[in-house]
Amino acid sequence: MTHPDFLWRDPDPRPSYDVVIVGGGGHGLATAYYLARNHGLTNVAVLEKGWLAGGNMARNTTIIRSNYLWDESAAIYEHSLKLWEGLSAELDYDLQFSQRGVLNLAHSLGDVREGRRRVEANRLNGVDAEWLDADEVKKFCPLVNVSARARYPVLGATLQRRGGIAKHDHVAWALARRADAYGIDLVQGCEVTGFEISGGRVTAVRTSRGRIAAGTVALAAAGHTSVLAELAGFRLPLQSHPLQALVSELLEPVLDCVVMSNAVHVYVSQAHKGELVMGAGIDAYNSYGQRGGVHVIEAQMAAALELFPVFSRVRVLRTWAGIVDVSPDASPIIGRTPVENLFVNAGWGTGGFKATPGAGWVYADTIAHGRPHPLAEPFALDRFTTGALIDEHGAAAVAH
Amino acid sequence: MLLIPCPFCGPRDENEFRYGGQAGVACPERKTSDAEWAAYLFVRDNPKGWFRERWFHAHGCRTWFTVERHTLTQEIR
């Protein structure tokens, strides 16, 4: 048997590029792809310290939805969802994008009010949303325990039918293949160790594989963005935390939607292959350790069993953590930094995967034109000074 | 799971504590710029390495105290 062709080259870095993207995860690859596709910029390198898409892209729970509360968030996540809907065809690669519906459960009167408010807000923003009462939840997802005797009974749920999951690895591979075909260099094993800045402008990055001159530098390094910002001489309102998840052993298809619960705190879907994929909240403390506390997994599994007593004998196959960069208002930071022509796309916290195409689209546009894309503008760094925060703690699904 | 040395109760399981973030963040003077005030409210150090931070022994003596923890290895000193 011969090895199949590689989907992308493994080039050495050239001495200079028009645009250097730091971070070869989903956002970095999507940004590179849209730089070429939408703006004709192909003298571009994506630098990845490890291997492509081996960080948070390999560690998320693959959920896609756009039912955020505020106008600014709904706009950018809905832009992303619309891109998802055409992405498999566009990239000519089956992303296993499955719009199976996302339920966000309500367990208290406060949850119910918040959920109903969010449904109305979503509809005003052109995002599909429905409110289901407990009986309708049971009908939509028969496995969910809606007993009134549960410790935190299910009182209802929001439903976004267009939400769902995709196969994260396929997303990365498909974007990487297309970016590579445009001539963009995807450079792996290349860690950025410093920036050359003169007159307030970045002119080059120093890497473990030598100096690379850059017309523009774009950070897309998720949990490690603070580390890079410090190298470039500025601070960002970000804290890096472990976000844990786990998968079960393989099961026959039993769960055909995504179920999320903020109150008891777990989110569950079933991967195409058959594992139950479960996510937890972030660990409380700052960490770059890519593993968290066992007690967080314990709480997550207790919550899962509360909702799905039928899973009580299912075994855990493996657990892991990604490092997420959390901002004070649970919204991303996209745009300019104190260093001229050094851009940032960070702070996606627990919501980065679903934003992959949308973030790449607006970030590429921002980089190409040297000013924020209209959808990115509200997410500028200066909102923490002006006070125009986009407080998405409620709709971000994971308690930060 | 972390084993956190409470100065009053001794080393205890992380479950007993609440996290308080970076230690030693001083409130700026009353006359301060918007940027300085924003930095005080929202910006904290986020090092990959040693970090001085606050913990609260919520299920014990209810004391706030400071430890130094390595954010990659989780070692506490």
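Each reported figure results from applying straightforward, stated rules to the coordinates on display, with no laboratory input. Just so it is clear, the structure is predicted and the values come from calculations on it, not from any experiment. Cβ atoms come from the backbone with ideal geometry, glycine included; neighbour counts cover every protein chain shown.
Quick notes on this structure:
- The range A:80-95-the range A:148-208 distance, computed between alpha-carbon centres (Å): 15
- Fewest-first ranking of A:205, B:25, A:266, using other Cβ atoms within 10 Å as the exposure measure: B:25, A:266, A:205
- Between the C-alpha center of the range B:29-69 and that of the range A:1-49 there is a gap of 38 Å.
- DSSP-loop trypsin sites (Lys or Arg not before Pro) across the range A:183-238, with at most 16 other Cβ within 10 angstrom: A:209, A:235
- Using the average count of surrounding beta-carbon atoms within 10 Å as a protection proxy, the listed peptides A:162-170, A:267-275 rank, highest first, as A:162-170, A:267-275.
- FRET efficiency, 1/(1 + (r/R0)^6) with R0 30 Å, evaluated for residue A:38 and residue A:71 via beta carbons: 0.80
- The long axis of helix A:168-181 is offset from the longest Cα principal axis of chain A by roughly 20 degrees.
- Backbone geometry of the range A:105-113 corresponds, through the Karplus equation with coefficients 6.51, -1.76 and 1.60 at θ = phi - 60°, to 3J(HN,Hα) couplings of 6, 10, 10, 8, 4, x, 4, 4, 5 Hz, x marking Gly and Pro.
- Near the amide H of residue B:2, within less than 5 Å, lie the amide hydrogens of B:14, all on another chain or at least 5 residues away, with H placed in the peptide plane.
- Computing FRET efficiency as 1/(1 + (r/R0)^6) for residue A:133 and residue A:313, where r is the C-beta to C-beta distance and R0 is 35 Å, gives about 0.70.
- Ascending count of other beta-carbon atoms within 10 Å, so fewest first, for A:109, A:159: A:109, A:159
- Ascending count of other beta-carbon atoms within 10 Å, so fewest first, for B:6, A:257, B:27: B:27, B:6, A:257
- Only alpha carbons enter this Debye calculation for the range A:145-212, each as an equal point scatterer, and the log10 of I(q)/I(0) it gives at q = 0.19, 0.20, 0.29 Å⁻¹ is -0.95, -0.99, -1.13.
- Interchain or long-range residues, amide H under 5 Å from residue A:263's placed H: none
- Within 10 Å of each Cβ in B:35-44, the average number of Cβ atoms from other chains: 5
- Between 0 and 90°, nearest 10: helix A:71-91 axis offset from chain A longest Cα axis: 80
- Partner shielding of B:46-52 amounts to 6, given as the average count of beta-carbon atoms from other chains within 10 Å of each residue beta-carbon.
- Only Cα pairs under 8 Å and 6+ residues apart enter the sum, and on that basis the relative contact order of the range A:274-338 stands at 33 percent.
- Shape of the range A:349-396 from the C-alpha gyration tensor: oblate (a/c of 1.5 or more and a/b not above b/c, with a ≥ b ≥ c the square roots of its eigenvalues).
- For residue A:203, the residues 5 or more places off, or on other chains, whose built amide H falls under 5 Å of its own are A:196, A:197, A:198.
- Residues of the range B:44-61 with amide N under 17 Å of a point placed 7 Å along Cα→Cβ from residue A:295: B:54-61
- Shielding by partners for peptide A:355-368, expressed as the average number of C-beta atoms from other protein chains within 10 Å of each residue's C-beta, is 0.
- Over the protein assembly as shown: helical MRE at 222 nm, DSSP H runs n ≥ 4 each giving -39500 (n - 2.57), nearest 500: -8000 deg cm²/dmol
- Separation of alpha-carbon centers, the range A:220-258 and the range A:297-332, rounded to whole Å: 13
- Just checking the listed ones, A:135, A:283, A:325: in the Gaussian network model of chain A with Cα springs under 10 Å, the one fluctuating most is A:135.
- Label-to-label distance, nm, for residues given as residue B:8 and residue B:25 (7 Å Cα→Cβ offset): 2.4
- Global form of the range B:37-77, assessed from the alpha-carbon gyration tensor, a/c cut-off 1.5: oblate
- If you run the Gaussian network model on chain A, springs between alpha carbon atoms under 10 Å, then out of A:363, A:77, A:152 the most flexible one is A:152.
- Pairwise FRET efficiency - residue A:250 versus residue A:94, Cβ, R0 = 22 Å, nearest 0.05: 0.65
- Principal-axis tilt of helix A:356-369 within chain A, Cα atoms, nearest 10 degrees: 30
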